[in-house]
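Colleague: One structure coming up, written as structure tokens, with questions to follow.
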Amino acid sequence: MLNWPEYRKQLMNRIGMIGKLSPDTVAGYQTLSNAGSKTGHLNAKTRELISLAVAVTTRCDGCITVHTAEALKQGATHEEIAEALGVAVAMNAGAALVYSARVLDAVHAYESTAPA
């Protein structure tokens, strides 16, 4: 496993380098990242829990380290984090089930158009 706090420091350093090389890229990301907080419909802790679930589904270690630290800072409990991760697991399983149905649809399409 990773040393998550150290990884976060290294990641932020590299993102800082990207910011110097391509400031508009990082500024654009920051605009997207901050957009949800401006509506006020979800509190910061809820947004961080959602971010953790998405981080798992997209397999983003950088997202995991950043949003774990932020979720804890916003007061997320271990139980709340575990529940958010349970949603991520269910979504991944659900997505696999949906795409399995797509494979069967493709099989049917190929079989119905195959020459006799």
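Colleague: Between Leu2 and Cys60, 0.36 nm times their residue separation minus their Cα-Cα distance comes to what?
Modeller: That works out to 19.6 nm of additional length.
Colleague: Any lysines with Cα under 21 Å of the Lys9 Cα? List them, leaving off those in the same chain fewer than 8 positions away.
Modeller: Within the straight-line limit of under 21 Å, Lys9 reaches these lysines: Lys20, Lys73.
Colleague: Another question about this same structure. How do Ile64, Ile15 rank when sorted from fewest to most other Cβ atoms within 10 Å of their own Cβ?
Modeller: Least crowded to most crowded, the residues run Ile15, Ile64.
Colleague: Give the shape of segment 1-50 as rounded, prolate or oblate, defined through the alpha-carbon gyration tensor: a ≥ b ≥ c are the square roots of its eigenvalues, a/c under 1.5 means rounded, and otherwise the shape is prolate if a/b is larger than b/c and oblate if not. List each step's numbers first, then the result.
Modeller: Numbers: a/c = 4.28, a/b = 1.25, b/c = 3.43.
The shape class here is oblate.
Colleague: How many angstrom lie between the C-alpha centres of segment 1-72 and segment 86-116?
Modeller: After rounding, the separation between the Cα centres reads 32 Å.
Colleague: Please compute the modelled spin-label separation between Tyr99 and Ser22, points set 7 Å along Cα→Cβ, answer in nm with one decimal.
Modeller: My value for the distance between the label points is 2.5 nm.
Colleague: Using just the alpha carbons, could you tell me how many Å³ per residue the convex hull of the chain encloses?
Modeller: About 184 Å³ per residue, rounded to a whole number.
Colleague: For the chain, what does the helix formula give at 222 nm: sum of -39500 (n - 2.57) over DSSP H segments with n ≥ 4, over the residue count, nearest 500 deg cm²/dmol?
Modeller: So the helix-based figure for the chain works out to -28000 deg cm²/dmol.
Colleague: When only C-alpha pairs under 8 Å and at least 6 residues apart count, what is the relative contact order of the chain, in percent?
Modeller: Taking the mean separation of contacting Cα pairs over the length of the chain, I get 24 percent.
Every number in this text was worked out from the coordinates using simple rules, so none of it is lab data. This structure is a prediction, so every number in the text was calculated from the model and none was measured. Heads up, the Cβs are rebuilt from the backbone with ideal geometry, glycines too, and the neighbour counts pull from every protein chain shown.
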